[in-house]
Structure formats: structure tokens, C-alpha cells
1. With r defined as the distance between the Cβ atoms of A:Asp140 and A:Ile313 and R0 fixed at 56 Å, what FRET efficiency is calculated, to the nearest 0.05?
2. With all protein chains present, calculate the accessible area of A:Glu479 using a 1.4 Å probe and round the result to the nearest 10 Å².
3. Heavy atoms only, probe 1.4 Å: what % of the accessible area of chain B goes to carbon and sulfur, would you let me know?
4. For labels at B:Ser59 and B:Asp191 in the simple 7 Å Cα→Cβ model, what's the distance in nm?
5. Determine how large the accessible area of B:Val88 is when every protein chain is in place; take a 1.4 Å probe and give Å² rounded to the nearest 10.
6. How far apart, in nanometres, would the label points at B:Glu179 and B:Arg139 be if each is projected 7 angstrom from Cα along the Cα-to-Cβ direction?
7. Kindly tabulate the residues in region B:90-125 with an accessible-area decrease of at least 50 Å² between the chain alone and the assembly of all protein chains, using a probe of 1.4 Å.
8. Given a 1.4 Å probe and heavy atoms of the protein chains only, how would you sort B:His201, B:His136, B:His192, largest accessible area at the top?
Amino acid sequence: MSVLARSVGNAFRNKIRTAAVVAVLAVAIGLALAMLVANQAVGAKVQELNASVGTTLTVNPAGGQGFEGGGEPLTTAEAETTASVANVTSVVGTKALRLQTTTTTGSTDAATTQQAGPGGGFGPGGQQATVSTNLTAAVDAGTLGNRNNASGTTTLPARTLPITATGIGAEVDSTGKALEITSGTGLGDYTSSEAKALVGTSLAEKNGLTVGSTFTIQDKTFTITGIFDAGTAFGNNAVYVTLPEAQTLAETPDELSTMIVTVNSLENVDSTKTAVQDALGTDKADVTQGQRNLETAVSSLDSVKNISMIAFIAALATAGIIIMLIMVMLVRERRREIGVLKAIGARNRTIGLQFVLESLVLVALGSVVGAVIASLASGGIASALISSNTTTTAATTTQRGGGLAGAMPNGTVPGGGMPGGGMGGGQGGPFGGASQLLTSVTASVSPGVLAAGITAVFAVAIIGALVPALLTARIRPIEVLRGE
Amino acid sequence: MIVVKDLVRQFKSGDRTIKPVNGVSFELDKGSLASIVGKSGSGKSTLLSLLGALDKPTSGDVVVDGVSLAGLPDGKLTEYRRRDIGFVFQQFNLIPNLSAVDNVMLPMEFAGMRKAARLQRARELLEQVQLDPEKHSRRTNRLSGGEQQRVAIARALANEPKLILADEPTGNLDEQTGEHIIELLSSLSRDHDTTILVVTHDRSLAQKTGRCFRLQQGRLTEEVRTGLRR
């Protein structure tokens, strides 16, 4: 009989006690695994939230945010100033254009004109250049579009909505999120003036465009290098060109509509926002932080993550202590047997190994039952942890998100009224969705997490079992056999 | 050949110094069967522990086949117990949840013998000690006292030791079983050419061994030479 076989046999020497020990271990191990699963799930959610919201600031011209505005436009020099602020990793300038379909403007002068953004319709007032195109908008005007086009009691003829065009300095949308190009490629060099464009899926479909197709803006022919999916009908009724190209089309080569500023970490967003605002001056630019509420939410999730990690370590330590105490008890109980084994020639390490293996048999059984417990309980435990830590945050977030949306004319923030670049991409969306993001954490026991957890449990068990194993080395056979 | 030279073991008990073994010297030839008698507390078991390297003497030496135990490190003493010594205890001291054959295999496992070889030898030894083959695979806590002592003797013989130390081997057995055990030890000593030293307070048992020593107040005297065995 080998040491292992003897250890397995010893583990089942007293079946009732073994069952009790395994049950206690299973609870501790199950709790440890459930906490690890919750930790991983919350960690993944935090990453997802950070990735979805990003650590971005939006810079608009001072007084130009909203539906009315004025002031001076942003410049490339200000972009360079912003880029030099500490913790800023990148600054992407955008230039918003309004493409008006040639056929609907009829004999309207096709030359570039600077127009103030119509109230309720566009971003920073006075920023958007209206230029002609041969494209037809993918969104029909409908009631909202025609209402916006109304003038007092006079109803104007049905109109075609403009198309959003944005010049971008990197492969991101007007809110700073990476573009999801579904076919073709990006624009390549976003800092050069080239007649290339990316079009939204619905706009491409409406106009029968594919990669390689051409269309015109201001009678200039653009080649489509890629088609993107923004995920919304409004977002897909858009065109992206390189920033210099948009500036050329608008005949404002040094101007920017907005700047998307990326900060190196969520923790630095607040301080960087202040620093950027100070660098640009409050009379020159408005710096907005779209993820403030989500930062609070992420902070709550981080608390849950920390709590679950502490609970994991505590449960792990408990399992280790249980093993140590059980094995110390067994060593004391079997002192005579250990003495006999030594008397007949067993080495200390052989006996120590036997007790360590015996403890691992108990841990293995506890891990199997614990894994079952974790798979059943981890979802509930994660939900309970999250709900208890984020109820206040979620309520606040929901309230604030709703309030912002309600403040918009007709509550149409995500609708067709506001082209990208005007309001930092419509902040009501992420605000309103925060509570849903918080409660949508899915804690499932993945093989990787399970393996990591059980490895940790076994490591702790070995450490716990080493103490009693070392105790066996101190047992002198003469002492335990003296009773003979 | 076992040579014991002026062996002393002393303990402190409060202010007193106790010497259960006080200058013991004797020699045993290979294959001899000897006994040590004495009253309870006379130091018999202490002497046996010193001979079996379970305890270290205060002074003196035990030399087994020319190898001195004095000054050997613990690892070497463990090796000595594994290779050269077989113990038979009054309480048998078998591992209760192991079968008879598994108990006998233990010393061979510790000595690194291959499983098949040790299984075969364990069965042979159990046959030699006349344990019913049906009971070879039975847990030892389900065997009678006499059967357990036979298993213990088989275990003591497992690694073909030079010296078997039996501490009151019949103390927990009835008279008839005890006699069987002594006959068994005697025959094994003869067949295996193994030196056997039996500690007992049973004078009739001691009469059946070749040499009989009396331990009194830590000092050993050879009391009787029966002439039954070398």
C-alpha cells in the first residue's frame, strides 16, 4: 500500500467525522470560490464599464455647448495645449459638418455657408458648416423632423433631414469611442487631407453604397473605404472624413468643433478635467465629463470587488485553518501510530507526506462539494453584494439620467435632432443606463476561475497541513511507546 | 553479534537523578534467543528502547555487527531501525485500519521494496507465523490478540532484521497463546538466524529462552543459563 493509498484510507477511517469535515470545508471552499467568481465578474464588469464609457473628456467652445451658443471656435493650437496637460494620453479633434442633399436644397447656393445651428437641431451654435452632397439621408424627417422645420403656425413642405458629417483626427466616433467598421478599412492617415470617407450602414444602404463606391461633397468626389455600424439609426446616418478634409470643406482650416481628450486612468479624470479647463481658460472652452455618474457606479463596483476579494481571502484562510486544526487533532490522536511508524523505520518526511496527502484528500472532497455550492450560490452572492453596495448609486444615477433627458426639448436626446459633436454624443444614454449596467453583472463559474480558486485552496491547504506534518517530526517514538 | 558496552540512561526527576539503566554490558551471539526479566519499573523497557535506537543512552554504546550506534544522527538511527531491528510490542501496535498483509508490508515499503515483492514476502511471513490465509486481508482490529501478535511478529521479520526486540510479547495474551508465541519466536530465531531479545516479567517464559538476564535497579546480571538454546 503506497503512501497515497494509505492517506486515502486514513481520510475515510472515521466516515462520520470525514463527512463532517468535508461539509465544513465545502462551505468554506464554496464561499471562497463564490467570492472569487463574484470578484472576477465584478472586475470584468468594471473593465466593461471603463471600456464602454472611457476615460474621456469632451471639450467644446465656451458657450457653445447646447442648442444655443457663441464664443470663439476651438483651434488646433488649443488642442496642442490640451495634449501637453498631465495625464492626457491623446487629444482627438473633430470638425462637424452638416450635409444637405443637393436635390432638396434645389437651387440653393452650394457654396459653403456658416449657419447658426437651428434651435433644437444641432450642436454648438455657429459651429456647423452646411455643405452640399449627393447623398440622401437615411432617416426620414417624420413628425419630429417636420416639427423642427416648422415656423410658427406655417407648415413648410416635407423636408429631408441633413446628414451628419464629422472630420476626425483618429479612428473614433464623435464621442471618442472606437469606430466599429463592419466592412472595408479605416481612413488610414487621419491627419492628411484625402477624399476618403466612412459611411454608416443605413446611409450606405439608403444610397446603395459599398466599399469603393463614390459620392460627392461640395462637388468633390469621395471614395468609401469602409462602412461602420454605430448601433443607432441616427449614428448610422453619418459620414466620417479626415479632420483636415472636413476643415477644408468648411473652409476653416484651423478650427475644431470639439476635442475628445483621453485621460490615462479613471482616477485622474477629475483632476485632468480641472487642469484642461485651467489650461484653456473658462472663457475659451467648456470641459465636460460624461462618465461622472458611471465613475461613482464603478467606484461602488470596485468596493464590491474589494469586499469579495477580502471575503475570498478570509474564506480561504478559514479553509486553511480548518485543515490545520483538523490535522493537528489527527496528529495528536495518532501519536502512538506515528511513534510505531517511526519505530519500524518510517522517515519523518514519509509520515509528514502521509498527513499532507490525507489533508489534500479531504480538501479535494471539500472542493468538489464547494464547487457545486459555488456554482449554485455565486450568482446570488454577487447580486446580493452588488445590490447592497450600489442601491444608492443606482438610484441616484437613474434619477440624474432621467433628469438630463427630460431637460432636452421634447425629450429627444437620442433622436434625430442633434448631430454628433454637438453635445458630446448625448450624455443621457450612459447616465440612464448606469443602473442597468450595475445590475447586469453575470457571475458564472468558469473553468478558469474554478481552477484558479481550487489551486489557491490547495495551496492554502498544503500550508495548513504543513504545520501538523512538521509536528509529526517532533514526535519521539520512545515517548509514545513508553506506556508499553 | 550484539555488544552492549557500559550502557547508562539517566533522567532528572525534580532534584533526583534516576538511572533505569546503569552500566549495563552484555553480548548476544547471532541467532540467540535471550530474555531479560525484572520487576515493573526496573528499566527493562528503557534498555530495550536503547537497544532499538528509540532512545539515546546517556553514556555507553551499542554495537551491532561492528557498527556503533553512539553518535549516529537521527536519520542513520531511523535507517538502523528499519534495516536491523524488528519490534514486537505488548500492545501489538498494529495500524488498525490496515489489513494484516498491509501491516507486514509497511517496513518493506519504508525500505523501498517493490510492491509485488513485498506483497509476496508479507504473505510468506504471515504463513510462517501461522496466520490463517483467510485473515491475511482482514483489518487487524478484527483479529484476536494472538492473531494480532502473530501479525506483529511477521512485521518485525519483514526486513530480515539482525535483532528482534520483543517487549512483553505475551503480556496481553492468555497462557496457551503466550506459549505458542514463544515457540514461534524460538523457531523463527532458529530458522532465520535472527537474534531475539525478549523482555518479560514472566519467569516461566524466560526459562524457555537460551539466556536469561535479570535487571535490578538498572544493573544487569545473567541469572540462569538454561541450556535450551545457545
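The values are calculated or read from the model by the stated rules, or taken from the named source; none is laboratory data. Note that the structure is a prediction, hence the values are computed from the model and not measured. In this analysis, Cβ positions are derived from the backbone assuming ideal geometry, glycine residues included, and neighbour counts consider all displayed protein chains. With ligands, DNA and RNA removed, areas are computed over all heavy atoms of the protein, side chains included. Shrake-Rupley method; radii C 1.70, N 1.55, O 1.52, S 1.80 Å.
1. 0.45
2. 90
3. The C+S portion of the solvent-accessible surface of chain B is 44 percent.
4. 4.4
5. That residue has around 0 Å² of solvent-accessible surface.
6. So the label points at B:Glu179 and B:Arg139 sit 3.4 nm apart.
7. SASA drop of 50 Å² or more in region B:90-125: B:Asn93, B:Ile95, B:Asn97, B:Glu109, B:Phe110.
8. Largest accessible area first, the residues go B:His201, B:His192, B:His136.
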